[in-house]
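What follows is one structure encoded as structure tokens, with my remarks underneath.
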Amino acid sequence: QWKKLRDIITDVSFEVLGERGRKKRTEHLSRDTKNLLKERGEIKKKPSTAENRAKYSRINGLVRQNCKRDDNAWAVRIAEELEDAAKQGQQRDVWQKIK
């Protein structure tokens with residue numbers, strides 16, 4: 001009985017409220033990093049040989065470096081946007097960006 005009640009409440013709430021929208025994600029990885037990720041995935045699918053393992057480890061190191069660089073650049077960009085909004089007295093924008 002509990003499951004029926006739960007299903008009824010869930011169905012009615014979806015009808016009335018609709019589905020919850022997803023939070024928009026920001027893309028902060030560069031095109032080069034995305035290409036390296038694809039290349040790393042292709043190498044991972046290949047049979048495990050000494051040559052493929054060496055390629056994978058080399059590209060994996062590059063992926064880590066690029067991801068770290070892109071993450072740091074993204075954090076700096078967000079911090080600058082927060083500072084600019086705070087200087088202009090736009091506290092609402094500051095709190096929305098922090099969320």
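The values are calculated or read from the model by the stated rules, or taken from the named source; none is laboratory data. Quick caveat, the model's predicted, so the values are computed rather than measured. We place every Cβ from the backbone using ideal geometry, glycine too, and count neighbours over all the protein chains shown. Quick note on the areas: whole protein, heavy atoms, side chains included, nothing else; ligands and nucleic acids left out. Shrake-Rupley method; radii C 1.70, N 1.55, O 1.52, S 1.80 Å.
Laid out as a table, the results:
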| quantity | calculated |
| --- | --- |
| Any chance Trp74 is open to solvent by 70 Å² or more (accessible area, probe 1.4 Å) and in contact (Cβ under 8 Å) with a residue 40 or more places away in the chain | yes |
| Total residues in the stretch 32-51, condition aliphatic (A, V, I, L, M) and farther than 20 Å from Arg64 by Cα | 1 |
| Scope the stretch 80-99; condition loosely packed, with under 11 Cβ neighbours inside 10 Å and either at pLDDT below 90 or under 16 Å from Ser30 (Cα atoms) (or both); matching residues | Lys87, Gln88, Gly89, Gln91, Arg92, Gln96, Ile98, Lys99 |
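Let's see how each residue does on (1) more than 30 Å from Val76 (Cβ to Cβ); (2) out of contact with any Ser or Thr (no Cβ under 7 Å at 6 or more places or on another chain); (3) open to solvent by 100 Å² or more (accessible area, probe 1.4 Å); (4) not aromatic (Phe, Trp, Tyr):
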position	(1), (2), (3), (4)
Leu5	yes, yes, no, yes
Asp11	yes, yes, no, yes
Arg20	yes, yes, yes, yes
Glu27	no, yes, yes, yes
Arg31	no, yes, yes, yes
Leu36	no, yes, no, yes
Ile43	yes, yes, no, yes
Ala50	yes, yes, no, yes
Lys55	yes, yes, no, yes
